[in-house]
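S.K.: Pasting in a structure now, in structure tokens, and then I'll have a few things to ask.
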Amino acid sequence: MDRLKKRIKADGVAIGTEILKVDSFLNHQIDVELFEAIGGEFRRRFSDVAGKVDKIVTVEASGIAVACFVASYFGYPPVVFAKKAKPNTMTDDSYSAEVRSFTKGTVSNIMIAKKFLNEGEGVLIIDDFLAHGLAAQGLASLVKQAGGKVLGVGIVIEKSFQGGGEKLREAGLRVESLAVVEKIEDGNIIFA
């Protein structure tokens with residue numbers, strides 16, 4: 001998606017060789033007009049499964065806004081987000097999976113209440129970043145635990161050099177990434 005790549009080039013900040021900071025438009029401050037275009041692009045890329053999307057699943061917090069915009073292009077299915085910590089109000093049984101965060105260097109037990117994922121549902125997974133693929137793997141695990149079907153994984157920015165996209169594809173998941181960063185070198189963001 002050229003518009004997204006231009007925005008990454010203009011406002012993204014490379015930190016070392018592995019971290020891409022895009023907080024000015026994606027995961028701290030949101031460029032609503034860009035998100036609208038992102039939603040439309042995911043609809044175009046997943047048009048073949050559009051009528052089969054019962055839920056859109058993401059993980060808190062950065063994926064939620066993207067997933068909501070995507071939902072508007074798929075007839076407004078519910079957006080369900082995995083929580084990274086169990087709140088006191090979450091008294092229902094839940095599906096869970098252990099996920100390591102590359103950016104934060106932490107391990108979380110993500111969870112979704114069982115009442116929000118059902119057997120036979122078609123699920124589109126949406127997230128802002130794909131590095132090592134652990135968040136997407138964890139979300140796919142939650143969908144499978146519920147007996148649902150992962151229709152695809154939509155990623156705004158994939159850092160292909162960290163191997164997550166390749167792992168997910170090898171596991172049989174369809175991955176559509178809007179911008180694929182091949183490497184970060186000398187402060188430069190290089191796209192595949």
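S.K.: Could you list, in sequence order, the residues of the range 95-153 that are of a type outside the set (G, A, S), under 20 Å from D54 (Cβ atoms) and surrounded by fewer than 16 Cβ atoms within 10 Å (Cβ to Cβ)?
M.R.: Selection gives K114, K115, N118, E119, K144, Q145, K149.
S.K.: Let me ask something additional. Please verify whether the range 121-142 includes one or more residues that are more than 26 Å from A37 (Cα to Cα), part of a helix (DSSP H, G or I), touching a residue at least 60 places away in the same chain (Cβ under 8 Å) and not hydrophobic (A, V, I, L, M, F, W, C).
M.R.: Yes: one or more hits.
S.K.: Would you call R44 farther than 21 Å from H132 by Cα and of a type in the set (K, R)? Please lay out each step first, then the result.
M.R.: Details: farther than 21 Å from H132 by Cα: yes; of a type in the set (K, R): yes.
In short, yes.
S.K.: Looking only at residues that are touching a residue at least 60 places away in the same chain (Cβ under 8 Å) and either polar (S, T, N, Q) or surrounded by fewer than 16 Cβ atoms within 10 Å (Cβ to Cβ) (or both) in the range 16-31, which one is farthest from G154 (Cα to Cα)?
M.R.: G16
Just so you know, all these numbers are worked out from the coordinates, no wet-lab data involved. All values derive from a computational prediction rather than experimental measurement. Reconstructed Cβ throughout: ideal geometry from the backbone, glycine too, with neighbour counts over all protein chains shown.
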